[in-house]
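K.L.:
Sharing a structure below in structure tokens format, with a few things to ask.
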Amino acid sequence: MGRHEGRRVLVTGAASGIGSATARYFAAEGAKLCLADRDGDGLGETRRAMPAGAQIVALEGSVTDPAFADEMASRTVEAFGGIDCVVTSAGIVKVEPALEVPPETFRDHLEINVVGSWLAAQAAARVMTERGGGAIVFIGSVYGAGGAPKRTAYCASKGAIHNLTQSLAVEWGPLGIRVNCVAPTGVRTPMVQSLIDQGIYNLDGVRARTPLGRLAEPEEVAAACGFLASDEASMVTGHVLPVDGGWIANGYPTQ
């Protein structure tokens with residue numbers, strides 16, 4: 001029996017990267033899954049990678065749409081009878097000088113990374129309060145704990161997620177809802193790989209800055225999400241858990 005046997009889990013951004021790895025992790029642990037993403041083809045690939053017999057609902061839509069947030073929650077309840085956990089992995093990052101960032105790019109980061117996470121959490125929490133509680137896991141970033149050049153909008157959005165984690169943990173704790181956040185360093189996802197391919201991601205610099213000397217794998221972030229959603233973390237809430245190879249701890253620019 002898996003750690004999450006029978007749990008009802010909603011994962012946004014499930015078409016690729018951290019979201020896909022998280023969905024596969026929970027499925028392997030026996031969870032019933034509602035997977036959401038605006039990339040329908042990617043959702044299909046994630047579904048095909050699931051263990052045989054996995055119970056899955058897949059929904060295509062934008063996390064920035066309040067109606068879609070309600071649909072994610074209602075369809076999970078309809079299919080499985082409730083919601084035990086939400087992992088909000090949908091997100092974007094664009095790298096460009098702050099003086100050149102147009103308003104729409106900044107708004108996109110806030111809408112997708114912050115508002116999208118908030119809407120999914122809120123819709124799920126309304127269900128959780130009627131059924132004794134649950135766990136919410138946001139995806140933050142080491143850049144939510146500090147600044148970085150050419151990532152102004154991304155850093156601002158992830159800093160907001162870290163604060164949102166603490167605010168909701170304080171307010172929703174009495175309702176039986178735990179709220180935590182995973183803060184990865186660079187993760188070997190298609191999004192990061194595209195930045196590497198474009199020559200705008202300093203892979204050697206990130207490796208040098210990271211005491212463990214490498215990027216994180218999506219499965220490592222998924223495992224951290226799984227822990228925060230598990231019974232082993234039953235007294236953990238309002239926490240931002242770095243999955244960063246020592247990035248935040250490192251006070252030197254390089255090793």
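The values are calculated or read from the model by the stated rules, or taken from the named source; none is laboratory data. For clarity, every value in this text was computed on a predicted model and none was experimentally measured. Glycine also receives a Cβ, built like all others from the backbone with ideal geometry; neighbour counts cover every protein chain displayed. The accessibility values were calculated without ligands, DNA or RNA, using every heavy atom of the protein model including side chains. Shrake-Rupley method; radii C 1.70, N 1.55, O 1.52, S 1.80 Å.
K.L.:
Which condition number does VAL179 fail, the rest of (1) part of a helix (DSSP H, G or I); (2) at pLDDT 95 or above being met?
P.N.:
Of (1) part of a helix (DSSP H, G or I); (2) at pLDDT 95 or above, only one is false for VAL179: (1).
K.L.:
Then there is this: Considering only the range 168-202, state which residues are surrounded by 13 or more Cβ atoms within 10 Å (Cβ to Cβ), of a type in the set (S, T, N, Q) and free of Cβ contacts under 8 Å to residues at least 24 places away in the same chain.
P.N.:
GLN193, ASN202
Each row is one residue, and each column tells you yes or no for (1) part of a strand (DSSP E or B); (2) open to solvent by 60 Å² or more (accessible area, probe 1.4 Å); (3) on the phi > 0 side of the Ramachandran plot.
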residue	(1), (2), (3)
LEU35	yes, no, no
MET50	no, no, no
ALA79	no, no, no
GLU104	no, yes, no
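K.L.:
Could you run through the range 186-199 and say how many residues are in a loop (DSSP other than H, G, I, E, B) and either at pLDDT 85 or above or closer than 22 Å to ALA90 by Cβ (or both)?
P.N.:
Adding up the residues that qualify gives 4.
K.L.:
Sticking with this structure for a sec: As an exercise: evaluate ILE83 against (1) touching a Ser or Thr at 6+ places or on another chain (Cβ under 7 Å); (2) assigned to a loop (DSSP other than H, G, I, E, B); (3) open to solvent by 60 Å² or more (accessible area, probe 1.4 Å) and give the number of the one condition it does not meet.
P.N.:
Of everything listed in (1) touching a Ser or Thr at 6+ places or on another chain (Cβ under 7 Å); (2) assigned to a loop (DSSP other than H, G, I, E, B); (3) open to solvent by 60 Å² or more (accessible area, probe 1.4 Å), ILE83 misses just condition (3).
K.L.:
Which pairs turn up if I take residues in the range 74-87 that are within 16 Å of SER117 (Cβ to Cβ) and look for partners that are among the charged types (D, E, K, R) with beta carbon separation below 7 Å, at least 6 apart in sequence or on another chain?
P.N.:
Hits for this filter: ILE83/ARG8; CYS85/ARG7.
K.L.:
Moving on to the next point. Being within 20 Å of GLY133 (Cα to Cα) and open to solvent by less than 50 Å² (accessible area, probe 1.4 Å) is the filter here, so list the residues in the range 1-28 that pass it.
P.N.:
Matches in the range 1-28: HIS4, GLY6, ARG7, ARG8, VAL9, LEU10, VAL11, THR12, PHE26.
K.L.:
Okay, moving on. Among what's in the range 233-243 and is touching a residue at least 24 places away in the same chain (Cβ under 8 Å) and open to solvent by 60 Å² or more (accessible area, probe 1.4 Å), pick the residue that is nearest to HIS4 (Cα to Cα).
P.N.:
SER234
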